[in-house]
Amino acid sequence: MNTDGTDFYSYDDQFRDSIATVDEKGKRIWVYPKKPNGNLHKWRIIVTVVLLGLLFGGPFLTINGKPFLLLNFFERKFVILGQPFWPQDFVLLAIVLITLFVFITLFTVVFGRIWCGWLCPQTLFMEMVFRKIEYWIEGDAPSQRKLDKQPWNANKAFKRISKHTIFIVISLLIAHTVMAYMIGINETYRIATSSPAENLSGFFGLVGFTAIFYGLFARFREQACIAVCPYGRLQGVLLVKDSIVVAYDWIRGEPRGHLKKSAAPEAPKGDCIDCKLCVHVCPTGIDIRNGTQLECVNCTACIDACDDVMIKIGKPKGLIRYASYTSIKEGIQKLFTPRVIGYCFVLLVLVGILSFTIATRSDVKTTVLKVPGTLYQKTTDGFITNLYNIEFVNKTFDDIELDIRVESPSSATLEQTSGKLIKVKAEGIVKNVIFIKIPEKQVVTARTVILLGVYHNNERIETVKVKFIGPVTKSSDVHSRMEDE
Ligand code: SF4
Ligand code: SF4
């Protein structure tokens with residue numbers, strides 16, 4: 001609340017009309033954030049080491065000899081936790097995506113952008129890897145600014161070449177890791193160790209990824225979070241007044257004012273001494289004292305900086321802290337609001353559906369479709385026959401033998417163009433053609449539903465429903481219409 005009684009967040013919203021990293025002419029303002037330090041930063045280093053260890057180690061992890069995670073979009077093969085998934089599992093994928101979306105929404109409504117600050121690979125690489133190398137080679141923000149302005153000389157050239165060489169090496173490492181998640185560690189190793197001419201597409205893929213990561217972390221930087229990341233752009237609709245975000249306690253901090261040794265006793269001041277350290281450490285160049293902003297990636301650097309100032313001036317820490325708008329304004333942190341309870345309920349239902357779908361997921365996907373352009377045939381011995389294309393997808397890592405039988409109606413029989421047992425190789429697909437025939441007298445409707453059972457080791461693993469087309473008689477037509485209704 002301002003001293004004149006107006007709400008702090010409506011005090012002066014002009015800063016929202018522009019972004020801190022672009023000037024009035026639309027030119028990029030380069031951010032030189034001061035080196036962060038403090039308790040939260042130390043915790044972020046630990047989390048980063050663990051997460052990057054997992055990220056770089058992931059391609060080497062296997063479960064029963066299969067990759068821990070493989071997302072091969074080129075061959076449309078996916079392995080998650082050692083389990084193969086196929087494009088045929090698109091229903092499962094759709095449920096996973098919806099569940100993920102609701103989870104992200106719920107998580108953001110309650111905890112704001114914790115993901116961005118602590119878990120997002122972009123922030124981790126930018127702030128905890130590339131930025132640290134920059135500090136190591138070029139020094140803290142003032143030295144970087146000075147180096148940028150000074151004319152080229154041996155010292156500047158040495159620093160710049162060293163920095164960008166290390167940046168390129170790390171970008172190469174990230175590119176190889178991403179590739180390993182897509183085509184597997186062995187294939188990536190083969191491409192990396194063979195001549196580019198032997199595998200041009202793989203080589204250009206690696207070069208392309210390296211260029212993207214280098215460009216992202218060396219030049220594009222915070223703009224990825226501000227202007228590109230869809231999650232960042234969604235914050236405006238996901239965050240609510242009860243969301244816990246990195247926030248400045250304006251009730252405690254305002255009115256801000258510089259600390260003077262002989263402060264006049266008549267003007268009571270807030271705890272903010274307007275030292276602007278929270279602004280100087282911000283990697284997106286914003287002033288968190290203006291309120292929650294789209295650019296804030298919740299990196300916690302301003303919390304650490306301000307806590308340090310508070311300790312020095314003998315005030316309690318937490319002028320900038322994880323807090324919601326309502327908790328600062330009303331002093332109450334509401335966690336389980338009706339909206340959160342509603343999201344929790346939807347999430348529980350989705351997790352239930354997802355668990356059921358995974359538990360009942362079949363190892364084989366069978367598709368039976370009528371051969372295009374065919375209807376039915378009458379045989380001279382009094383049968384009606386239909387011709388079908390059948391496709392078996394073996395979703396497992398083992399070869400499998402299948403046979404297919406008619407479950408109902410009992411009058412239908414099945415004939416295959418190949419042998420009775422169908423061998424499907426591990427992760428393979430087999431296509432076949434089958435006939436189904438029914439004695440003409442038994443065909444009472446224009447469309448008879450036939451149930452086919454797919455068996456492995458005499459155990460039914462899947463049931464497939466197919467339509468059998470018969471001649472349209474008057475009675476069958478009525479029957480068929482009733483069926484449709
Ligand atoms: S670091 Fe703290 S005291 Fe300094 S300007 Fe920011 S909020 Fe105010
Ligand atoms: S405002 Fe604070 S938490 Fe947000 S990006 Fe800047 S330094 Fe990080």
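From the phi of every residue in the range 300-311, what ³J(HN,Hα) in whole Hz does the Karplus formula 6.51 cos²θ - 1.76 cosθ + 1.60 yield, where θ is phi - 60° and glycine or proline is x?
6, 4, 6, 5, 4, 4, 6, 4, 4, 5, 4, 4
Obtain the radius of gyration and the Kirkwood radius of the range 1-150 from its C-alpha atoms and give Rg over Rh.
1.09
Compute the angle between helix 154-183 and the longest alpha-carbon principal axis of the chain, please, reported from 0 to 90 degrees and rounded to the nearest 10.
With rounding to tens, the tilt is 20 degrees.
Roughly how many debye, to the nearest 20, is the charge dipole of the range 335-413 about its Cα centre, given +1 on each Lys and Arg Cβ, -1 on each Asp and Glu Cβ, and no other charges?
Computed charge dipole of the range 335-413: roughly 500 debye.
Using a simple charge model, +1 on the beta-carbon of Lys and Arg, -1 on the beta-carbon of Asp and Glu, nothing else, what dipole does the range 278-406 show about its Cα centre, in debye to the nearest 20?
720
Where the centre of each part is set by its Cα atoms, how far does the range 99-115 sit from the range 365-415, in angstrom?
46
Using per-residue counts of other Cβ atoms within 10 Å, averaged over each peptide, order 73-79, 289-295, 187-193 from highest down.
The packing order, highest mean first, is 289-295, 187-193, 73-79.
Could you compute the net charge surrounding K66? Neighbours are other residues with a C-beta less than 12 Å from the C-beta of K66; K and R count +1, D and E count -1.
-1
Please list S162, S18 from largest to smallest accessible area, probe radius 1.4 Å, with all protein chains kept in place.
I get S18, S162, largest accessible area first.
Which residue, chosen from L200, G232, F220, occupies the Cα position most advanced towards the positive end of the dipole of the range 189-289, where the dipole is computed from +1 (Lys, Arg) and -1 (Asp, Glu) charges on Cβ about the Cα centre?
Of the listed residues, the answer is F220.
Using a 1.4 Å probe over the heavy atoms of the protein chains, calculate the carbon and sulfur portion of the accessible area of the range 125-197 as a whole percent.
68
When you count, for each residue, the other Cβ atoms within 10 Å and take the mean per peptide, how do 364-370, 375-381 rank with the highest first?
Packing proxy ranking, top to bottom: 364-370, 375-381.
Nothing charged except the Cβ atoms of Lys and Arg (+1) and of Asp and Glu (-1): what's the magnitude of the dipole of the chain about its Cα centre? Round to the nearest 20 debye.
Rounded to the nearest 20 debye, it is 1160 debye.
Around L421, under 11 Å between beta carbons, what's the net of Lys plus Arg minus Asp minus Glu among the other residues?
It works out to a net charge of 0.
Sort the range 342-479 into rounded, prolate or oblate with this rule: let a ≥ b ≥ c be the square roots of the eigenvalues of the Cα gyration tensor; rounded if a/c is under 1.5, and if a/c is not under 1.5, prolate when a/b is larger than b/c, oblate otherwise.
Oblate.
Along the charge dipole of the chain, pointing to its positive end and built from +1/-1 on Cβ of Lys, Arg, Asp and Glu, which listed residue (T105, I161, L402) has its Cα farthest out?
I161
Can you give me the accessible area per residue for the chain, using a 1.4 Å probe, in Å²?
In whole numbers, the chain has 56 Å² accessible per residue.
Straight distance only, please: which lysines reach the Cα of K163 with their own Cα at less than 23 Å, same-chain residues fewer than 8 apart left out?
Qualifying lysines at Cα under 23 Å: K34, K35, K132, K146, K149.
Students often forget the sequence filter, so: which lysines lie under 16 Å Cα-Cα from K315 once same-chain residues fewer than 8 apart are removed?
The reachable lysines, counting only those whose Cα sits under 16 Å from K315, are K260, K261, K269.
The values are calculated or read from the model by the stated rules, or taken from the named source; none is laboratory data. This one's a predicted model, so the numbers in the text were calculated from it and none came from an experiment. So basically every Cβ, Gly included, is an ideal-geometry build from the backbone, and we count neighbours across all protein chains shown. For accessibility, only protein heavy atoms count, side chains too; no ligands or nucleic acids. Shrake-Rupley method; radii C 1.70, N 1.55, O 1.52, S 1.80 Å.
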